[in-house]
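Written below as structure tokens is the structure these notes are about.
The values are calculated or read from the model by the stated rules, or taken from the named source; none is laboratory data. In this text the structure is predicted, and so the values were computed from the model without any measurement. Neighbour counts run over all protein chains shown; Cβ positions are idealised from the backbone, glycine included.
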């Protein structure tokens, strides 16, 4: 009797697992049509930002060594 219940339960789990096999098709398009106007994609912005960060870091470390 246990074998019958186990077989029935295994068949049920198999049916449930096959029922979830369909893949969802999601198509997300976030292109706003504005071209390539991302300011953060410009290498010049990254270079200027890195230079400012390094200058601030140097200023903060020099200010602490005097104290």
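Based on what the data block shows, is residue 13 in a helix (DSSP H, G or I) and modelled with pLDDT under 80? Steps first, answer last, please.
Values: in a helix (DSSP H, G or I): yes; modelled with pLDDT under 80: no.
No.
Only residues in the stretch 40-67 that are part of a helix (DSSP H, G or I) count as the first member; pair them with residues that are modelled with pLDDT of 90 or more and surrounded by 10 or more Cβ atoms within 10 Å (Cβ to Cβ), Cβ under 9 angstrom, at least 6 apart or cross-chain, and list the lot.
The qualifying pairs are 40/46.
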